[in-house]
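The values are calculated or read from the model by the stated rules, or taken from the named source; none is laboratory data. Here the structure is a predicted model, which means the values were calculated and not measured. Backbone-built Cβ (ideal geometry, glycine too); neighbour counts: all protein chains shown. Ligands, DNA and RNA are stripped out before the accessible areas are found, and what is left, the full protein with its side chains, is counted by its heavy atoms. Shrake-Rupley method; radii C 1.70, N 1.55, O 1.52, S 1.80 Å.
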Amino acid sequence: MIFITGSTGQLGQELSRLLNDSIYTYRTFALSEWDITDLHRSQEILDIQPDILINASAYTAVDRSEEEREIAREVNSAAVGALAEECKKRNIRFIHISTDFVFTLNPIVEDGHLRYWKTNSPTRTLGAYAETKKQGEEFIQSVFGDSPNYHIIRTSWLYSSFGMNFPRTILRLLKDPSRKELKVIEDQIGRPTWAFRLAEFLLNLIASIHKKDGNLKPIYHFSNSGIASWYDFAVAVQEIGLKKGILKEKKLILPIPTEAYPTPAVRPRFSVMDLSESYELMEKIPHWREDLELCLGDPKTILGWNV
Ligand SMILES: NC(=O)c1ccc[n+]([C@@H]2O[C@H](COP(=O)([O-])OP(=O)(O)OC[C@H]3O[C@@H](n4cnc5c(N)ncnc54)[C@H](OP(=O)(O)O)[C@@H]3O)[C@@H](O)[C@H]2O)c1
């Protein structure tokens, strides 16, 4: 049996709908049913003895984390360490989701090219959210040590047809009649990721766990393939939005540097992660634009794209 925390989040919802059509038995828990900072509740639920726990919950408000550092630390670090300990005690496989924001060193240049972050690249964070996520990873690693009973999946620029995310914000701004143009950052580069595809990757990982594949890694990087700036991502949202009839009118989107849009949290300029090990679990990882088209055409969207 698989247990999932944070079931109302983007990843939580995509996991639920995939697992619903799968061979696996699972239970999902919303924050109201299982607050992972409540140790007693975690122990009570893990005593049911699932085989696998997927922690899809997190404090994900990147900018707000700067002010609410303590809450972010409780959810993303302390509670994650506690879950790891409780899973280890009960021999439950722990799958945890982390972020590309653990890489905020200046990118490494090799042969004139920016090097993609590998799973063993050194991490260094600047913002509070990133720091708490990094600490969560470290707690898991120190609890499990050399035991192969955990996986940390780092992902990036997650979006879905559920919840608030970048494509939804861009659609809302483009629909706002009072706006003639939109300015979007062009010097932060990463990999957009459709949460559905991440959920699919996690199911592939679970299938390999059940097959007792001995080659599984403790850390994976999973995102869509291809790279983009936020500006590229916004332009694609507009193009696809127009094609799918979500938008009626084309607006000017202007590229701007990070300095022109200051935010409380400092974000990495180049957080493209190397995906080579993830190809061992998913033969074809679609290009981000291909999945953006699928997501914006998703008939099962809960909120609808009428943002
Ligand atoms: N979003 C991104 O761009 C991004 C990028 C890289 C990595 N990630 C990582 O990917 C994972 C999934 O992200 P997501 O976008 O699906 O997140 P999300 O949509 O913000 O969902 C997070 C979920 O966690 C729940 N939650 C918050 N505090 C909790 C607590 N104390 N106990 C139990 N549940 C709690 C939230 O409940 P409520 O909604 O009721 O508050 C929500 O259901 C996270 O680990 C995140 O750090 C996300």
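What to note about this one:
- Rg [Å, one decimal], Dmax [Å, integer] - segment 196-307, C-alpha atoms: 17.5, 53
- Size of electric dipole in segment 91-235: Cβ of Lys, Arg +1 and of Asp, Glu -1, about Cα centre, debye, nearest 20: 420
- Considering only beta bridges that DSSP places wholly inside the chain, some 10 percent are antiparallel.
- Computed about its Cα centre, the charge dipole of segment 182-224 is approximately 180 debye, with only Lys, Arg, Asp and Glu carrying charge at their Cβ.
- Assuming charge only on the beta carbon of Lys and Arg (+1) and of Asp and Glu (-1), the dipole of the chain about its Cα centre is about 680 debye to the nearest 20.
- Placing a label point 7 Å from the Cα of Thr263 along the Cα-to-Cβ line, the residues of segment 82-123 whose backbone N sits under 12 Å from it are 101.
- Contour excess over end-to-end distance, with Cα ends at Glu283 and Asp213 and 0.36 nm allotted per residue: 23.6 nm
- Pairs of Cα atoms farther than 16 Å apart, segment 68-173, %: 66
- Alpha-carbon centroids, segment 229-280 and segment 143-198: separation in whole Å: 9
- In the chain, taking the dipole from charged Cβ atoms about the Cα centre, the farthest positive-side position among Tyr279, Ile153, Thr258 is held by Thr258.
- In whole percents, the pair-distance distribution calculated for the chain from its alpha-carbon pairs, binned every 10 Å from zero, is 6, 27, 36, 23, 7, 1.
- Rounded percent of accessible protein surface that carbon and sulfur make up, segment 33-187, 1.4 Å probe: 48
- Around the amide H of Tyr59, modelled in the peptide plane, lie the amide H atoms of Asn76, all under 5 Å away and 5 or more residues distant in sequence or on another chain.
- Probing with 1.4 Å while keeping every protein chain in the model, the per residue accessible area of segment 1-144 equals 46 Å².
- At q = 0.14, 0.25, 0.28, 0.30 Å⁻¹, base-10 log of I(q)/I(0) for segment 183-240 (Debye sum, equal scatterers on each alpha carbon): -0.54, -1.02, -1.15, -1.21
- Projected area, mean over directions - segment 64-109, Cα convex hull, nm²: 4.7
- Under the membrane-span-like helix rule (DSSP H runs whose alpha carbons stretch at least 18 Å along the helix axis, mean Kyte-Doolittle hydropathy 0.5 or higher), the chain yields 195-210.
- The Cα-based radius of gyration and maximum Cα-Cα distance (Dmax) for segment 42-123 are 16.6, 53 Å.
- When the pairs Lys217/Lys284; Lys89/Lys134; Lys88/Lys133; Lys118/Lys250 are compared against a 30 Å limit on Cα-Cα distance, Lys118/Lys250 fall above it.
- Under 5 Å, built H, 5+ apart or other chain: amide partners of Ile219: Ile152
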